[in-house]
Amino acid sequence: MNRERHLTRRQKKLIYIISIGLFILLMIWISTIVGKPLIEYASNPDRFVQWLNSYGIWSRVIFMLIVVLQVVIAIIPGGPFQIAAGYAFGIVEGTLLTTLAVTIGCWICFILVRSFSKDFIEVFFSEEDIEKLSFLKDTDKLRKFAFVLNLVPGVPKDLLSYFAGLTSISLPSWLIAVFSGRIPAIIVSCLSGRLINKGDFVMTAITFVFFGLCGIIGLKLYDVFTKKQNKKQEETKTTI
């Protein structure tokens with residue numbers, strides 16, 4: 001009699017890691033070929049615009065696909081692409097394209113975690129980072145803080161995009177928080193790109209410094225906030 005074999009948790013996790021590793025290699029290869037001009041825009045911005053314009057209407061699609069990729073592969077920074085959007089498409093269109101792409105990327109992260117559970121997040125983030133957000137498993141708290149966490153600079157938004165999939169929050173509620181909360185920061189990044197396009201490097205530097213300070217303050221507030229919320233959670237458990 002044949003016995004049915006089951007994968008252990010360790011084997012499943014190894015399969016997830018190998019699968020994601022292959023996916024990342026494939027996406028890096030694609031982004032190297034298609035997205036290289038986006039990354040190099042700072043050294044030769046005119047060439048970057050020419051490259052995008054050569055694709056016509058497809059330039060928008062290509063740009064959005066690369067931003068979606070950046071969100072899903074959480075180790076890739078998104079700031080340069082947001083600045084590039086402002087440089088190439090202007091503040092309004094750049095903001096709209098980037099925000100839509102970020103929202104689509106967050107939707108994919110959400111679905112992946114709902115499908116593969118916590119193991120999927122642990123490929124990109126440490127257990128300690130994930131546990132910092134454990135208080136958000138309370139759906140009411142997540143709904144309450146979702147917009148603010150997406151709004152404040154410095155908060156690890158890529159982690160949030162994945163963590164939300166572990167909770168019982170509805171996908172529409174989460175995506176609304178992402179779309180509305182990310183817009184202000186994306187506008188600032190696109191503004192920086194537009195200033196570079198116009199050659200106004202003084203205002204560009206001022207914008208970078210201001211936004212950088214906001215990021216540092218936001219990160220500090222995030223650390224204080226998560227510690228406070230997790231402490232409250234522990235105190236509630238001990239009193240029950």
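Brief remarks on what is shown
- Positive-end residue, region 169-240 charge dipole about Cα centroid, Cβ charges, pick of 225, 178, 199: 225
- Highest mean packing comes first when the peptides 59-71, 203-215 are listed by Cβ atoms within 10 Å, giving 59-71, 203-215.
- Positive contributions from Lys and Arg (+1) and negative ones from Asp and Glu (-1), summed over other residues with Cβ under 13 Å from the Cβ of residue 153, come out at +3.
- Pairs spanning more than 20 Å between alpha-carbon atoms, out of 118/232; 137/228; 132/220; 132/231: 118/232.
Throughout, read-outs are computed from the coordinates displayed, never taken from laboratory work. A quick note: this is a predicted structure, and the numbers were derived from the prediction, not measured. Cβ: placed from backbone, ideal geometry, glycine included. Neighbour counts: every protein chain shown.
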